[in-house]
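The values are calculated or read from the model by the stated rules, or taken from the named source; none is laboratory data. Since this is a predicted model, take the numbers as computed values, not measurements. Cβ placement follows ideal geometry from the backbone for every residue including glycine, while neighbour counts extend to all protein chains displayed. The accessibility values were calculated without ligands, DNA or RNA, using every heavy atom of the protein model including side chains. Shrake-Rupley method; radii C 1.70, N 1.55, O 1.52, S 1.80 Å.
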Amino acid sequence: MADTRARRIAKFIEPLRVEPGATVDLAGDFDPRYKGSLKKRDGVGLLSTGVSLLAEYQARLAAQDTYGVLLCLQALDAGGKDGTIRHVMSGVNPQGVRVSSFKVPSTEELDHDYLWRYAQRLPSRGEIAIFNRSHYEEVLVVRVHDEVLRRQKLPERPKGAGIWERRYREINNWERYLTDNGFKVVKVFLNLSKEEQRTRFLKRIDLPEKNWKFSAADVRERRHWDEYQKAFSEMLSATSTEHAPWYVVPADRKWFARICAAAVLAHTLMEIDPQYPTLGEQALRDLLTARGELEAEAPDGAPADPNAARRRTKDARRP
């Protein structure tokens, strides 16, 4: 059953995967409105199935305590990162998930290398960490806005020609290091069209309950749309690797984007295939001893093991 589910999910997300070594033209290669043959009315059930899978495998990931998972979510403003996190992770144990958002770096963060602040928020073994925006901001917003790069206090030579190629290489090496040490890196880019972003911004202005989400800075940033498309295209081309591939999720339809994100994360967990620990002989003997002591404490007239009694009753009622 697990193998069947894994094959179906792998086939579903295959069109979203950026083939390592491919040269990406974001506008030409990926349609923000793509949804395959899926219909919205089927989406609720599929998302529910994906969330259930995530809950099942997250419990096993935590119990095994060997692997950690880092989910990197990238998108332009209004791309749906917050909603994706809220819906996709709705059924998992919140104790096993940590979400980090990265804003303008602090003075302390600027006194370290550009990956330092992201390393502080990596998952522990058995944990899923979500980066709402991630270390890829260092080759996106930093690239589009020269003034951000100047604030990073770099020596003159590293700021020269080739800085972005070096950063791609450094990020790839960092992710390879994490993967080799048991921390899987999952990278999802929510691909939003310019027209859909315009519509969502207007909705934030029109609806009072959404006004708080809007910032005039969002519209100013929109003026750099073409520069961001170029930066995203080059980032996807340079940093989609076998050990940490990128998935470009069509984001114009929120319901479809959430299904895709859940499928990509579920696929990663199913590839890890974490297992509940198996107890040794002494531990099993200790369990039997403890069972005997607990059963002996049952009050008069009460079943020695209420759980076993309930299971027997349930089995007897089955046709």
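Details
- Criterion (open to solvent by 40 Å² or more (accessible area, probe 1.4 Å) and closer than 30 Å to Tyr136 by Cα) met by exactly one of Trp246, Trp255: Trp255
- Counted residues, the range 43-74 - those being part of a helix (DSSP H, G or I), within 19 Å of Val248 (Cα to Cα) and either modelled with pLDDT of 95 or more or under 14 Å from the mean Cα position of the chain (by Cα) (or both): 1
- The one condition from (1) within 30 Å of Asp218 (Cβ to Cβ); (2) open to solvent by less than 80 Å² (accessible area, probe 1.4 Å); (3) at pLDDT 90 or above; (4) not in a loop (DSSP other than H, G, I, E, B) that Val24 does not meet is (4).
- Total residues in the range 186-199 satisfying the condition of being surrounded by fewer than 21 Cβ atoms within 10 Å (Cβ to Cβ) and either in contact with a His (Cβ under 9 Å, 6 or more places away or on another chain) or among the hydroxyl-bearing types (Ser, Thr, Tyr) (or both): the figure is 2.
- As for the range 172-184, it holds at least one residue that is within 24 Å of Gly80 (Cα to Cα), touching a residue at least 60 places away in the same chain (Cβ under 8 Å) and either surrounded by 14 or more Cβ atoms within 10 Å (Cβ to Cβ) or within 19 Å of the chain's Cα centre (by Cα) (or both).
- Among (1) out of contact with any Ser or Thr (no Cβ under 9 Å at 6 or more places or on another chain); (2) modelled with pLDDT of 90 or more; (3) within 18 Å of Lys184 (Cβ to Cβ), the one test that Phe30 misses: (3)
- Number of the exception - Gly280 against (1) at pLDDT 95 or above; (2) more than 27 Å from Leu47 (Cα to Cα); (3) not polar (S, T, N, Q): (1)
- Residue that is touching a strand residue (DSSP E or B) at 6+ places or on another chain (Cβ under 9 Å) and open to solvent by less than 30 Å² (accessible area, probe 1.4 Å), where the choices are Gly96, Gly50, Gly83: Gly96
- Of the residues making up the range 103-121, just one is under 15 Å from the mean Cα position of the chain (by Cα) and assigned to a loop (DSSP other than H, G, I, E, B), namely Arg121.
- The residues of the range 159-198 that are part of a loop (DSSP other than H, G, I, E, B) and within 20 Å of Asp252 (Cβ to Cβ), listed by number, are Leu192, Ser193.
- Count of the range 200-241 residues, restricted to those that are open to solvent by 60 Å² or more (accessible area, probe 1.4 Å) and in contact (Cβ under 8 Å) with a residue 40 or more places away in the chain, is 1.
- Taking the range 231-319 as the region of interest, the helices (runs of 4 or more DSSP H) fully inside it that hold 1 or more residues being under 23 Å from the mean Cα position of the chain (by Cα) are 254-272.
- Yes/no for Glu147 being under 18 Å from the mean Cα position of the chain (by Cα) and in a helix (DSSP H, G or I): no
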